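The values are calculated or read from the model by the stated rules, or taken from the named source; none is laboratory data. Treat the numbers as computed from the prediction; the structure is a model and nothing was measured. Note: ideal-geometry Cβ built from the backbone for every residue, glycine included; neighbour counts use all protein chains shown.
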Amino acid sequence: MKFLNLSFLLLSLFLLSCNSTSQSVSNTSENTNKMNTEKMIADGFTKGLIVTSKEEGDCPITIKVDGKDGAYYLDPINLEDTFKKEGEKVWFKFGGLRMMNRCVKANPISIIEIQKRAE
């Protein structure tokens, strides 16, 4: 009887310790993503999402940025083909351009630096 009680106690401790480890790994991953985001923003990058469109008069490819006042779109004139995928998450640096808009919803930009975003 004592052996069963001891076995049950050890098994319970083992299961509890496994559960707490998975939470630690999850929290560590979230902290790493948050630190990476803060570092990228501090380095001058902007978080964006590639959006494609086939509507007439619309830019075929834009980058959606979630700003303080809501989402807005940018029209990259020099986006590499490897990034022209719907839903591609990116970090990018850009410069504004003083040229006429190619579509109504987005302002033209020149990509200075771009990379895929993991999160």
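Structural remarks
- For beta carbons closer than 6 Å, sequence separation of 6+ or different chains, a first residue in region 79-102 that is under 13 Å from LYS116 (Cα atoms) and at pLDDT 95 or above and a second that is among the small types (Gly, Ala, Ser) and in a strand (DSSP E or B), the qualifying pairs are VAL90/GLY48; PHE92/GLY48.
- Counting the residues of region 52-71 that are touching a residue at least 24 places away in the same chain (Cβ under 8 Å) and not aliphatic (A, V, I, L, M) gives 5.
- Filtered residue count, region 65-119, keeping only those that are buried (at least 18 other Cβ atoms within 10 Å of the Cβ) and in contact with a Pro (Cβ under 6 Å, 6 or more places away or on another chain): 3
- Qualifying residue in region 91-105 (condition: touching a helix residue (DSSP H, G or I) at 6+ places or on another chain (Cβ under 6 Å) and closer than 29 Å to THR32 by Cβ): yes
- Subset of region 40-94 (residues that are among the β-branched types (Val, Ile, Thr) and farther than 18 Å from VAL104 by Cβ): ILE41, THR46, ILE50, THR82, VAL90
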